[in-house]
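Q: There's a structure below that I have some questions on.
Derivation of every value follows stated rules applied to the coordinates shown; laboratory data play no part. Keep in mind that what you see is a predicted model, and the values were worked out from it rather than measured. Cβ sites come from the backbone with ideal geometry, for glycine too, and all protein chains shown count toward neighbours.
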Amino acid sequence: MPMTYYFATTLAGADMAAVEECVREELSNEGFGVLTEIDVAATLKKKIGADFRPYRILGACNPTLAHEALQAEDKIGVMLPCNVILQEKDGGVEVAAVDPVASMQAVDNDSLGPVASKVRGKLQLVIERVSRRCGA
């Protein structure tokens, strides 16, 4: 069975703006800041005239763990920050975060495993807490 590359939860009937605020709070609670934000729907509309459902990408970074990863592998910055998405889906809002353990399997460096596991644990907690407290 293939390893999934993300963790996700869908909040039925939830409001996108309220969920985003909650996601940001939970990321902060785990030591992450949001470095980048992409409004995919607005970008697609502006660049190619395409209509797309509300979809946002938050580039989250935990500076301490990013520093550890960069010390272990100097090119790991190509895989940073950790992306968290929010999208309207099936009458609710889906929140998904990358699984860094899955993505780090592409890098041949065993010293990244412990760092990726720490980040995985924190992102899993974020998704679990969002699922419990950020719904409609």
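Q: Taking the Cβ of P100 as the center, what net charge do the other residues with Cβ under 14 Å away carry, scoring Lys and Arg +1 and Asp and Glu -1? Don't jump to the answer; show the numbers that get you there.
A: Details: positive: K118, R120, K122; negative: E30, E68, E73, D99.
Here the count lands on -1.
Q: Below 15 angstrom from the Cβ of R132, what's the summed charge of the other residues (Lys, Arg +1; Asp, Glu -1)?
A: Once all neighbours under 15 Å are counted, the net charge is -2.
Q: Another question, if that's okay. Tell me which chymotrypsin sites (Phe, Trp or Tyr not before Pro) from the stretch 22-75 have a DSSP coil assignment and no more than 16 other beta carbons within 10 Å of their own. Before the final figure, lay out the partial values.
A: Numbers: sites: F32, F52, Y55; in loops: F32, F52.
When the chymotrypsin sites (Phe, Trp or Tyr not before Pro) of the stretch 22-75 are filtered for loop state and at most 16 Cβ neighbours within 10 Å, F52 remain.
Q: Enumerate the residues in the stretch 39-77 having an amide nitrogen under 18 Å from the point lying 7 Å beyond the Cα of Y5 toward its Cβ.
A: 56-60, 76-77
Q: Nothing charged except the Cβ atoms of Lys and Arg (+1) and of Asp and Glu (-1): what's the magnitude of the dipole of the chain about its Cα centre? Round to the nearest 20 debye. Provide the component values of the computation, followed by the final result.
A: Working: 14 positive and 19 negative charges, 43 e Å.
For this selection, approximately 200 debye.
Q: Now for a different question. Out of V101, L27, A41, whose Cα points farthest toward the positive end of the dipole of the stretch 16-125 (charges: +1 Lys, Arg; -1 Asp, Glu; placed on Cβ)?
A: Of V101, L27, A41, it is A41.
Q: Please report V34, V84 as a ranked list, fewest other C-beta atoms within 10 angstrom at the top and most at the bottom.
A: Numbers: V34 16, V84 27.
The most exposed by this proxy come first: V34, V84.
Q: Next up: Along the positive direction of the dipole of the chain (beta-carbon charges: Lys, Arg +1; Asp, Glu -1; about the Cα centre), which of T9, Q87, L65 reaches farthest?
A: Farthest towards the positive pole: Q87.
Q: Find the relative contact order for the stretch 6-133 and round it to a whole percent, using C-alpha pairs within less than 8 Å whose residues are 6+ positions apart.
A: On the way: 199 pairs, mean separation 43.3, N = 128.
Normalised by residue count, the contact order of the stretch 6-133 is 34 percent.
Q: Roughly how many debye, to the nearest 20, is the charge dipole of the stretch 72-136 about its Cα centre, given +1 on each Lys and Arg Cβ, -1 on each Asp and Glu Cβ, and no other charges? Kindly include the intermediate steps, with their values, before the conclusion.
A: Numbers: 8 positive and 9 negative charges, 76 e Å.
So the magnitude is around 360 debye.
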